[in-house]
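All of the numbers you see were taken from the coordinates with simple rules; none came from a lab. These figures come from a predicted structure and were not determined experimentally. We place every Cβ from the backbone using ideal geometry, glycine too, and count neighbours over all the protein chains shown.
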Amino acid sequence: MSVFLAPGCSLVDLREGREWDRAALLDSVAEQAGRLAGLGLPKGARVVLSLAEPVSCLTALLACWEAGFCAVLVNPGITGDERARVDAACTPALWLDGDQDLTGTVGKAVALDEDAPALILMTSGTTGTPKGVVLSGRVLKARIDSNIRQIGAKALKRSLCPLPLHFGHGLIGNCLTPLAAGGQVMLMPQPSMVEMAGFGALLEARDVTFMSSVPSLWRMVLRLSAPVSRPGMRVHVGSAPLSLELWREIAGWCGSEDVWNMYGMTESANWVAGVPLTRAREGLVGPAWNGDFAVLRDGEIKREAQGEVLLRDAAVMSGLWAAPEATALAFEAGWLRTGDVGEIGEEGLVLLGRLKSEINRGGVKVLAEEIDALLERHPGVAEACAFGIPDPVAGEAVAAAYVAHPSGPDPVALKEWCATQVRSEAVPGLLVAMTSLPRNDRGKLSRDQVRDLALAKG
């Protein structure tokens, strides 16, 4: 899998101040692959990587592939109960968490077959049974090639990775894509408050040409850091809904409209669509980059309608590990079912929300993300999270928690404002002001946690 380390590529650990050129990376991968091969594991065995140090994680990943193994990436902060669930889900032959002694026999590494499972990314598992999305080497290469064609090697010359590497956005989009384009990747996963306060200065000092992150990081950067004074960076924002207001704020901070609202998922091995601010519209991600979109509505696949978003693309998962029934449900006549609700029109795909976050108010469907966006349009609201609550008459009612700016609205005033902005069934019946909204380790709002905290408070 050294194909992902193109000539000219390099890695920089910004916290340690160390740099590895391509030759050093290839040497490290070859050495680790030999030691892994010496363990005598069967070809295709699953090796779990739970490594906090980002360079070690990347080189171990590539070494697994060179030694003929399938890598399973998990959060390095995984708990004992979560580890047991991962063990049960994918029956790994080995865990690598930095404590193993691999100084024994060196074997002959035989690279993994291109169509064999190369990477399993766990999409959940904190509160239930994790799902393992299976990606082959061929799929990973196809997705990365698509990324490079769309972004361009020039923009990928010096990339900053501020995301953890145990999910596709950080690993495939921020690391493997620039490395395969011959670029330099600067690693600073999950920056601290102090690091975010110096974010603008860092981007300028390192002359960063590309970075991709999540809306929650940008909310902190906009609050803590002075903006950049030398525009010229391409910015991707994804993994969670991006409001039009935040989109514009990020562009203003960057001094450029080269800020893209991105769409991708673990099951599609990273980005499948995206548009820059020059085409801005709430929820717009545009046409598919390397495939096609459709929607599933009333049991039919349609091209211009609203419904569950379907994706047809050469670079999607082969399935969910050891879960044939769940895999079958994830596809519809060869199309990947994304679980997102969207609308396809002349400009391409407009995302509206998630099927699982729909609120059914007496038969009228209200998307939680619609209410998020509504509340965040209020100038006194920093961010919001909507959810459904039981209602004895309508079945469900709309509720939301929000974080207000200083001197922002109280719940009564905000509800009155909502009533002037949206149809009556979408006006939240319960609004709870909070100091912060809980997120998972990928920066996404945890609606279940927000709901529980809001109900306890309200």
Response to the item:
Checked against the structure, the computed mean projected area of the Cα convex hull in nm² among (i) 21.9; (ii) 27.9; (iii) 23.1 is the one labelled (i)
Worksheet item: Taking GluC sites (Glu not before Pro) as exposed when DSSP calls them loop (any state but H, G, I, E, B) and at most 12 other Cβ atoms lie within 10 Å, what is the longest stretch of the chain free of them, the sites themselves excluded?
Response: 17-303
Worksheet, complete the sentence: In the neighbourhood of Tyr402 defined by beta carbon distances under 10 Å, the net charge of the other residues (Lys, Arg +1; Asp, Glu -1) is -3
Worksheet item: Which order, highest average first, do 162-168, 334-340, 388-394, 41-47 follow once you tally other Cβ atoms within 10 Å for each residue and take the mean per peptide?
Response: 162-168, 334-340, 41-47, 388-394
Worksheet item: Once you put a point 7 Å from the Cα of Ala226 and another 7 Å from the Cα of Ser318, both along the Cβ direction, what distance in nm separates them?
Response: 5.2 nm
Worksheet item: In nm, to one decimal, how far is the Asp81 label point from the Glu53 one, both placed 7 Å along Cα→Cβ?
Response: 3.1 nm
Worksheet item: If we count every other residue with Cβ under 12 angstrom of Ala326's Cβ, Lys/Arg +1 and Asp/Glu -1, where does the sum land?
Response: 0
Response to the item:
Result row for the chain, helices from DSSP H with C-alpha axial extent 20 Å or more and mean Kyte hydropathy at least -0.5, is 22-37, 137-151
Item to complete: Only bridges with both residues in the chain count here: give the DSSP antiparallel percent, nearest 5.
Response: 65 percent
Discussion item. Net charge within 15 Å of Ser243 by Cβ-Cβ distance, Lys/Arg positive one each and Asp/Glu negative one each, not counting Ser243 itself?
Written reply: -3
Response to the item:
Expressed in angstrom, Rg and Dmax over the Cα atoms of region 402-458 are 12.6, 36
Response to the item:
Taking a straight Cα-to-Cα line shorter than 24 Å from Lys131, and setting aside same-chain lysines fewer than 8 residues away, one finds Lys43, Lys141, Lys356, Lys444
